[in-house]
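No lab work stands behind these numbers, since they all come straight from the coordinates. Bear in mind that the values here come from a model prediction, so they are computed numbers and not experimental data. Glycine also receives a Cβ, built like all others from the backbone with ideal geometry; neighbour counts cover every protein chain displayed.
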Amino acid sequence: MIDPVDVGIVAVYFIGLILIGVWASRKVHSMGDYVVAGRSLGFWVFTMLMVGSVASGMSLLGVSGLGYNFGWPTIWEPIFVPLSIAFCIIFFGAKMNRIARASGYMTVQDYLSHRYESPVGLRSLSAMAGIVISLIYLAGQYTAVSIVLMWLFGIPHIYALLIGAAIVTIYTVIGGLYAVAWTTLIQGAILVSGVVVMAPLVIAAAGGFEYVNTALATINPSLVDPWVASGVFTPTYVVSFSLLLMIGLACAPHVINNVLAVKDVNFFRWAPIIAFVAYTGVMFLLKFAGFAGKVLVAEGMIVLPAVKNASDFIFVEGVEFALPNIYLWGIFGVIVLAAVMSTTDRLMLTIGTYFSWDIYKSVVRPKASDTEVLRVSKLSVFAAAVVTLILAINPPEMLVWLIWAGIGIMFATFAVPLLGGLYWRRATREGAIASMALGLISAGLFGGISYFKIAPLPAHFSLYAVIISLTAMVLVSLLTKPTDERVLDETMTGWFIQPRSTPTMLSGEIPAVAEAARISPAEKAR
Amino acid sequence: MSYGERPGQLRAFLRQCTPYCRTGSIMLYVSASHINMVIMFGLPDITVASVGGVFLLSVIGLLLWGLRFQKVKV
């Protein structure tokens, strides 16, 4: 039976999100406002936006679930996922934000097309890859929203999906990045405080941290080891999995684009460690709650539902056991929804932006006005919601695997062209296209080998694809004509993280790609 | 004795406790107080050292980044 107090708690949360969307919509006058929030994000809004973009449904349900299944060998996840935020800010953001200010970038594709002098080829390839990966990831997020609403209210999957999608779509469509960033600030605060309160209660209910570890060792001694000699989490796999999480997530389109929206590049000084400490704390607690759940199940204190992804319910069931008060479930539901929605809205906006700016404006209709592109952007966000909703209504069996594979594909497709572009002056357009295309294809190939168990792969499949991508970048770049020195200077390319000075402006003749990405008149006036 | 020297004995003892777990949790606490001398948090040394080490290195690295950051005039 639906409890009216739980309904009230979730309703207040949803209404709050819509109100923020309405407030944010008043600030949106141009594409610059919609896509990069007029480059006005303050320190805490930006830091929480980074955490919220990375903290997906997997953070709550999946992290505990993986801990429940494999124990301590999965402990690297709570360290390397938060490190992805620091990696993104330091290795991409510190340089890219300053170039973006000088050149008016809206998306990472603007950087790629400028740096590699490829206004159509690389931009389209990169944008399409980003859209496809984001759509897969988004469908998974909607499924997570549905799981929470179904569990909380016992309503059918389709209604749960429609409710969740409607709320996120409304505030994202009308408010753009302003709405996404400010709602994420609220959602991030709810997530951090909620997990800090609830996870220790689950661990305490299982007998405390030390007892949980001792009991885990009695179930299976390898559950308390940092890796295993044979099985899934071998040392080789742990290293490749950690690299995947740290660099793959840092390259994710819905994460890396945030660095373009920050107001002051000096925020990048302490944002990495604050985001890392806050998010690592949350993820450690969730992981330990998963371990505690394992002990509670082994002792017969809780029973997981008889579904295929039963381990994903371990935190939910643990909270139900530790907190018999039904009113607290509504608050818990809001916490999970906050984690899921903070990623969902950013993904939707990324898809809309990539389509409207990188495909419609830059390739299909270069002469389209700012108002027209803004309209297309809003329509694209709406279309992304509809497409993913259809995917999520009857999710393909491969969906869960595809979501995980999505991070691997992002790692294989974007890591080498981005890092090569920022740090290696010899990286060329041809090298970047070969690297991106081969990374994408080989990620699909090795992913298939892994999924269909054609051959055993000691490391995560994405690592093989990254090695191929890197080889292609080096070989093809060395065999082709070097990039113009002027472009390399404009894009601050070189073996340094912090450039000595910001380029005043693109000197001399402005490349067409950079011209397309220039700041809108409204933004310039501000 | 360090963890791993006679893990078989230790684990066999803990396994015996498992069937009585809830009611026998006091029993396990008694054993845990003994284990505490050799295992921190009920974990093998290598787990504590590797996880703690990577976490600390990450924090130190990020602190160094903050301290060495060159302020940019906007």
**Request:** Quick one: Debye curve from the alpha-carbon atoms of the stretch A:198-241 only, equal weights, vacuum; give me log10 I(q)/I(0) at q = 0.16 Å⁻¹ to two decimals.
**Result:** -0.55
**For A:ILE497, B:ILE46, A:ILE147, order by how many other beta-carbon atoms lie within 10 Å, fewest first** = B:ILE46, A:ILE497, A:ILE147
**Prompt:** Over the Cα atoms of the stretch A:220-287, Rg to Rh with Kirkwood Rh, two decimal places?
**Reply:** 1.10
**Prompt:** How big is the Cα convex hull of the stretch A:1-102 in projection, averaged over all directions, in nm²?
**Reply:** 10.1
**Fill in**
Percent of all alpha-carbon pairs of the stretch A:262-340 at distances over 18 Å, whole number, is 56
**Asked** How large is ³J(HN,Hα) for each residue in the stretch A:91-101, as worked out from phi by the Karplus curve 6.51 cos²θ - 1.76 cosθ + 1.60 (θ = phi - 60°), to whole Hz, x for Gly and Pro?
**Response** 7, 10, x, 4, 8, 5, 4, 6, 5, 4, 5
**Complete:** Sequence order, the stretch A:146-158: Karplus ³J(HN,Hα) from phi using 6.51 cos²θ - 1.76 cosθ + 1.60, θ = phi - 60°, Hz rounded, Gly and Pro as x, gives 4, 4, 5, 5, 5, 5, 6, 10, x, 8, x, 3, 5
**Fill in**
Rounded to a whole number, the mean other protein chain Cβ count within 10 angstrom for residues of A:77-83 is 2
**Fill in**
Semi-axes a, b, c in Å (a largest) for the stretch A:440-503, each sqrt of 5 times a Cα gyration tensor eigenvalue, come to 36, 15, 9
**Message:** Per residue, how big is the convex hull of the stretch A:283-385 when only Cα atoms are used? Give it in Å³.
**Reply:** 144
**the stretch A:401-456: chymotrypsin sites (Phe, Trp or Tyr not before Pro) in DSSP coil with no more than 12 other Cβ atoms inside 10 Å** = A:PHE452
**Fill in**
With the charge dipole of the protein assembly as shown built from beta-carbon charges (+1 for Lys and Arg, -1 for Asp and Glu) about the Cα centre, the Cα from A:TYR178, A:ALA144, B:LEU43 projecting farthest to the positive end belongs to A:TYR178
**Message:** Can you tell me the mean projection area, over all orientations, of the convex hull of chain A's alpha carbons? Units nm², please.
**Reply:** 22.9
**Prompt:** Could you give the longest part of chain A that holds none of the GluC sites (Glu not before Pro) found in DSSP loops with at most 14 neighbouring Cβ atoms within 10 Å?
**Reply:** A:1-396
**Request:** Note down, for the stretch A:215-363, the three equivalent ellipsoid semi-axes (square root of 5 times each alpha carbon gyration tensor eigenvalue), biggest first, whole angstrom.
**Result:** 35, 22, 17
**Asked** Helix A:271-298 versus the longest principal axis of chain A: what angle, 0 to 90°, nearest 10, using Cα atoms?
**Response** 30
**Prompt:** What fraction, in whole percent, of alpha-carbon pairs in the stretch A:350-424 exceed 19 Å separation?
**Reply:** 58
